[in-house]
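The structure appears below as structure tokens.
The values are calculated or read from the model by the stated rules, or taken from the named source; none is laboratory data. For clarity, every value in this text was computed on a predicted model and none was experimentally measured. Glycine also receives a Cβ, built like all others from the backbone with ideal geometry; neighbour counts cover every protein chain displayed. Accessible surface is based on the protein model in full, side chains and every heavy atom, while ligands, DNA and RNA are left aside. Shrake-Rupley method; radii C 1.70, N 1.55, O 1.52, S 1.80 Å.
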Amino acid sequence: MTDSRKILAIQSAVDPPRLSIEEATILYDEAEFGELLHAGLLRRRSMIPGNEVTYLVDRNVNYTNVCTINCQFCSFYRPPGHAETYTQTIDEISYRFSELEDIGGTRVLMQGGVHPELPLNWYIDLLSELRRRHPSIALDCFSPIEIEGIADICGLSTKEVLSRFKEAGMHGLPGGGAEMLVDVVRLDVSPKKGSADNWLRVMEEAQVLGLTTSATNVIGFGESNAHRVQHMDRVRSLQDASKAAGCVGFTSFIAWPVQLENNSFGRRNRGRNRIELGATSREYLRHIAVSRLFFDNIDHIQASWPTMGMGIAQLALLAGADDAGSTMMEENVVSASGTTKTEAAETELQRTILMAGFRPRKRDSDYNLLNTTIESKANTPAPPPTQPA
Ligand code: SF4
């Protein structure tokens, strides 16, 4: 029996030992595709029993595109002074919240660039006012690098900034900006973003404060499978520490491939074999299965339909993912990099889940299950794409 088969046999038993970094790398490199995905599905069934796949009705709000960090894979930001910069007012942002309320949404993911001038009170006034006007919407806002930028401007620690934002109504700190928590990869594509340690430290501070957090992972910068597992290990180690300290820790792990269009990372690597950069569907599905087996301390693994499409997201549900992500009304960051579709109607997500053989269940930002009406249209196959005239 090959090493990968032995590891999968052990991992498929009841109550298996924790998967080591070395074993996870062997699985990533060598395991037979179908066997690896099946092991991911078995683990999902033991960790999340039942046949439900959850999803969230939410929207994205990108309050500003001004940013000084210049990540090479980012097509969204504009440097200060650029003609296409914008920063939204409270009323403009509030209007977007109202649109979400109209369709029964429960969470706004509000992120922007690292703006060099907005003062602390701009953010506090924004959060307080949104909390007052839209009490039923969870405010999951900013990423660790934004918190660091705000801390620099106002001269407070990142922990103090997080604490003030929580008091003002912030519910969670999303996991944006993790990308690859391996400095040799990270500092090559985002030299101004700071080390992996910084991202993990701010996340730990958020978890200690009781903010809802998730862990993300962007793959396809040309890193090795061992690097990808190292990223998972950094996240798993923090999760161990957070849980030992009595915190909830990360609710979920969400991975997707880097998008290569419209950004300097794609341009500087033009001509390289596309299999080296980004990730093929098979590679992405291996990543889902390995992450499900690796994270014995994070309950939810998310399928990323905006970057992979609904079909691959369905396969991800059969490789260990238990969550179909969210409707993402008005997503701007990933779509700026050439992804063609980054928002979905609730019916479409329900249909995607049903057609993969699972039952859709709406959730909130904390993975609390909500009453769910399955639309009759969700039970019919999607219409074929319209042919151009
Ligand atoms: S990914 Fe975020 S931090 Fe990096 S350039 Fe884009 S907006 Fe700025």
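All but one of (1) assigned to a helix (DSSP H, G or I); (2) farther than 23 Å from Cys67 by Cβ; (3) hydrophobic (A, V, I, L, M, F, W, C) hold for Val202; which doesn't?
Result: Val202 passes all but (2).
Evaluate the range 122-144: report whether one residue or more is modelled with pLDDT of 95 or more, within 16 Å of the ligand (Cβ to nearest atom), open to solvent by less than 60 Å² (accessible area, probe 1.4 Å) and β-branched (Val, Ile, Thr).
No: the range 122-144 contains no residue that is modelled with pLDDT of 95 or more, within 16 Å of the ligand (Cβ to nearest atom), open to solvent by less than 60 Å² (accessible area, probe 1.4 Å) and β-branched (Val, Ile, Thr).
If I filter the range 69-88 down to residues being within 11 Å of Gly112 (Cβ to Cβ) and within 8 Å of the ligand (Cβ to nearest atom), which single residue comes out as surrounded by the most Cβ atoms within 10 Å (Cβ to Cβ)?
Tyr77
Looking only at residues in the range 14-37 that are within 19 Å of Ile298 (Cα to Cα) and open to solvent by 30 Å² or more (accessible area, probe 1.4 Å), which one is nearest to the chain's Cα centre (by Cα)?
Filtering the range 14-37 for residues that are within 19 Å of Ile298 (Cα to Cα) and open to solvent by 30 Å² or more (accessible area, probe 1.4 Å), the one nearest to the chain's Cα centre (by Cα) comes out as Ile21.
Can you tell me which residue is nearest to the ligand (Cβ to nearest atom) among those in the range 89-111 that are open to solvent by 20 Å² or more (accessible area, probe 1.4 Å) and among the polar types (S, T, N, Q)?
Residues of the range 89-111 that are open to solvent by 20 Å² or more (accessible area, probe 1.4 Å), as a first pass: 89-92, 95-96, 98-99, 101-104, 106-107, 109, 111.
Narrowing further to those that are among the polar types (S, T, N, Q): 89, 98, 106, 111.
Details: Thr89: 20, Ser98: 25, Thr106: 25, Gln111: 8 Å.
Among those that are open to solvent by 20 Å² or more (accessible area, probe 1.4 Å) and among the polar types (S, T, N, Q), it is Gln111.
Residue by residue, here is whether (1) closer than 26 Å to Val61 by Cβ; (2) within 15 Å of the ligand (Cβ to nearest atom) holds:
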residue: Ala168; (1), (2): yes, no
residue: Gly172; (1), (2): yes, no
residue: Glu179; (1), (2): yes, yes
residue: Val184; (1), (2): no, no
residue: Leu187; (1), (2): no, yes
residue: Ser190; (1), (2): yes, yes
residue: Asn198; (1), (2): yes, yes
residue: Val202; (1), (2): yes, yes
residue: Gln207; (1), (2): yes, no
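How do the pairs read when you match residues in the range 142-153 that are over 16 Å from Cys74 (Cα atoms) with residues anywhere that are open to solvent by less than 10 Å² (accessible area, probe 1.4 Å) and near the ligand (Cβ under 10 Å from one of its atoms), using Cβ under 9 Å and keeping only pairs 6 or more apart or on different chains?
Qualifying pairs under 9 Å: Gly149/Gly113.
For every residue, the table says whether it meets (1) closer than 22 Å to Arg59 by Cα; (2) outside any helix (DSSP H, G or I); (3) out of contact with any Leu (no Cβ under 6 Å at 6 or more places or on another chain); (4) modelled with pLDDT of 90 or more.
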{"residue": "Glu348", "(1), (2), (3), (4)": "yes, no, yes, yes"}
{"residue": "Arg351", "(1), (2), (3), (4)": "yes, no, yes, yes"}
{"residue": "Lys362", "(1), (2), (3), (4)": "yes, yes, no, yes"}
{"residue": "Thr372", "(1), (2), (3), (4)": "yes, yes, yes, yes"}
{"residue": "Pro381", "(1), (2), (3), (4)": "no, yes, yes, no"}
{"residue": "Gln387", "(1), (2), (3), (4)": "no, yes, yes, no"}
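In the list Asn51, Asn65, which residue meets the criterion of being within 14 Å of the ligand (Cβ to nearest atom), among the polar types (S, T, N, Q) and in contact (Cβ under 8 Å) with a residue 40 or more places away in the chain? Spell out the reasoning first.
Details: Asn51 fails: within 14 Å of the ligand (Cβ to nearest atom).
Unique residue meeting the criteria: Asn65.
Against the condition away from the ligand (no atom under 16 Å from the Cβ), free of Cβ contacts under 8 Å to residues at least 40 places away in the same chain and among the hydrophobic types (A, V, I, L, M, F, W, C), how does Ala24 come out, does it pass? Lay out the reasoning, then the answer.
Details: away from the ligand (no atom under 16 Å from the Cβ): yes; free of Cβ contacts under 8 Å to residues at least 40 places away in the same chain: no; among the hydrophobic types (A, V, I, L, M, F, W, C): yes.
When the stated conditions are applied, Ala24 does not pass them.
Only one of Val114, Val161 is open to solvent by less than 30 Å² (accessible area, probe 1.4 Å), touching a residue at least 12 places away in the same chain (Cβ under 8 Å) and in a loop (DSSP other than H, G, I, E, B). Can you tell me which? Walk me through how you get there before you give the answer.
On the way: Val161 fails: in a loop (DSSP other than H, G, I, E, B).
Answer to the check: Val114.
Can you tell me which residues in the range 164-181 are within 13 Å of Val218 (Cβ to Cβ) and either surrounded by fewer than 22 Cβ atoms within 10 Å (Cβ to Cβ) or touching a strand residue (DSSP E or B) at 6+ places or on another chain (Cβ under 7 Å) (or both)?
Of all residues in the range 164-181, those within 13 Å of Val218 (Cβ to Cβ) come to 175-181.
Listed by number, the residues that qualify are Gly175, Gly176, Ala178, Glu179, Met180.
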